[in-house]
Structure formats: C-alpha cells, structure tokens
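See below for the structure under consideration.
The values are calculated or read from the model by the stated rules, or taken from the named source; none is laboratory data. If you're wondering where the values come from, they're calculated on a predicted model, not measured in any experiment. All Cβ positions, even for glycine, are placed from backbone atoms using ideal geometry, and neighbour counts span all protein chains on display.
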Amino acid sequence: MRIRVKHAKLGELVFLSQLDMVNTILQALRRAKIPFALSEGFNPKPKISYGLPLPVGAGSLAEYFDLVLETRISLGEIRERLSKQLPYLLEIRDIWEIPSSEPALQASVSAADYYIWLKTETPYSDGLMEEFLNQESWDFVDRRGRKKDLKELVIKLDYLGVKQGLVGFKITAAAGSKKNFRPADFCEILGKSAKGSIEPPGRILRCELYYGGEKEQLTPFSGG
C-alpha cells in the first residue's frame, strides 16, 4: 500500500530546515506505530519520499510526502494516529492512496502557487508597480553566478495591492528540478526595482503544488 499525505507547515515551524521536518515526520510515524515498509540492505530506511523542499522561513499549506506501508490500514486510522503525534502546525490536510507505479513527487512537480507579502514603509505608487510588472525581463544572478530572467518562470501573477503596510502578490510559477522559481529572488528583484519603498525579504506562503507539462494542463496534487 502506498499513500500520499498533504500537510501544512505554519507558525514558528516555518524555521525548521527540511532535514528537521523530515526527522519530525519520521518520529511521528514511529510513535503513531504506522507500519511503514523499510528498504533492503545493511542500513534499511523507511520507504518515504518528499515533495519540493520549502525554503526556511516560508510557510506552506501544501507539503507532501509519499509512504509505502507493509500492511494495509485504513486512511482514516492513519490520519487519526498520525495527527495525534504531529505538531498541530504540521496539520494533515489530506491523505489518499496512490498506485505503486506513481512517479516520485520531486520528479513530478512542475509548478507551485505562492502568496508573497512585502513590507512597504512609504506610500506605494500603483504606477511604480505597473512599471515593474510591465518590464520585459526580471534579470538576476542566481546562486551559481548565472544570469537569468525570473519572469520566464512566472506562469501567472496577480497583484493584490497594499493592505496594512504590506504589498501582496499571488504567483503561479515553474517549480521542480528543471526550472524553479525562488520567491526570495522575486522579493529581491522587486525590492531593488521599487527604489526603496519596499523592504525584502517578504512573507511567503506556498499554497499548492502542480504536475503537468503545459500551462493549461497544470493539475494540483490535491484531491487524490
């Protein structure tokens, strides 16, 4: 039996590293006595795989992991047992069975939805935002020193305006091993373009992951 679990990562837990979150989930699985399968060899490990790693400091409503079980158990029982052992800020949001032939999560992810808010200390000009959004490219240098255009990775962008001193966006962008939009890069580029009126870094919330090759064929992992 192979299952996929969707969970949140909120509050102070946004500062957990990916490794810390993995360890937290594994400890909860053991305490909940979930009968997960182990790999073969001298150092057997749980047959578990995770979705796209989340940057430290970002929250999420859509983190995923796949787990292979040794014996069949009802999804309701898994959810009940595991929920009692996980921190409430890592709340399980969905759980369903998937075929054993289902591709690995990280290999399947092609896009993600993000909400991004940045602090603005001065009155913000819609004209300034329009100028930024209409730029032909958002050039930046990545962590390997390569010059790239971040705008090429954006599939859809909604400007949410300014509320309570925060300027907001909802962005659907490429994600995964081949092309990956980093919200921190967007915050940095916008901060430089805004001529001092916006302060990066921002508050980041990932709200969904998608698979599919073309923009019109993007399908959320939710609702298995």
Before we move on, is Thr71 polar (S, T, N, Q), over 23 Å from Ile3 (Cα atoms) and touching a residue at least 24 places away in the same chain (Cβ under 8 Å)?
no
Only one of Leu54, Leu61 that is in contact with a strand residue (DSSP E or B) (Cβ under 8 Å, 6 or more places away or on another chain), at pLDDT 90 or above, under 21 Å from Leu218 (Cα atoms) and in a loop (DSSP other than H, G, I, E, B)
Leu54
Given the conditions (1) of a type in the set (Asp, Glu); (2) over 18 Å from the mean Cα position of the chain (by Cα); (3) assigned to a strand (DSSP E or B); (4) assigned by TED's automatic domain parsing to the domain that holds Arg203, which single one is not true for Asp113?
(2)
Please specify each residue of segment 67-99 satisfying the condition of being in a helix (DSSP H, G or I) and either touching a Cys at 6+ places or on another chain (Cβ under 6 Å) or closer than 17 Å to Gln27 by Cα (or both).
Ile78, Arg79, Glu80, Arg81, Leu82, Ser83, Lys84, Gln85, Tyr88, Leu89, Leu90
Just to check your reading of the model, which residue among Lys148, Lys215, Lys195 is at pLDDT 80 or above and not small (Gly, Ala, Ser)?
Lys148
Scope segment 164-192; condition modelled with pLDDT under 85, at positive phi and among the small types (Gly, Ala, Ser); matching residues:
Gly165
How many residues does segment 61-71 contain that are more than 17 Å from Tyr211 (Cβ to Cβ) and of a type outside the set (A, V, I, L, M)?
2
Of these, Glu136, Glu152, which one is over 21 Å from the mean Cα position of the chain (by Cα) and acidic (Asp, Glu)?
Glu136
